[in-house]
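Asks: Take this structure first; my questions come after.
The values are calculated or read from the model by the stated rules, or taken from the named source; none is laboratory data. Just so it is clear, the model here is predicted, and its values are computed rather than measured. The accessibility values were calculated without ligands, DNA or RNA, using every heavy atom of the protein model including side chains. Shrake-Rupley method; radii C 1.70, N 1.55, O 1.52, S 1.80 Å.
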Amino acid sequence: MGAGAKHRSVFVDRLPATLVHLRHATTHDVLACWFGVDRSTITRAIAEVRAPARRARLHRQPGCAAADPATGTVPTG
């Protein structure tokens, strides 16, 4: 634990980097140069920003029953 490079970018930088990457297909190397961080930091930042959306999309796949927000239970049937 604790080994490896620390994050130098904050969320305010991670979101624009992710949006530019997704919209313009900008490489991680170019984004790293623009933001003044290492390529691995950009890769990690994009993965962290995209992870919640990816998890939410997995829960909404066709054939999956959605949980009732009021009770948290999944309908059977």
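Asks: With all protein chains present and a 1.4 Å probe, how do L31, L19 order by accessible area, largest first? Please report the intermediate quantities before stating the final value.
Replies: Details: L31 0, L19 100 Å².
Reading off the accessible areas and sorting them downward yields L19, L31.
Asks: Leaving ligands, DNA and RNA out of it, work out the accessible area of R44 with a 1.4 Å probe and give it in Å² to the nearest 10.
Replies: 80
Asks: Turning to a different aspect of this structure: Once the whole set of protein chains is in place, how much accessible area is left on R50, using a 1.4 Å probe, in Å² to the nearest 10?
Replies: 80
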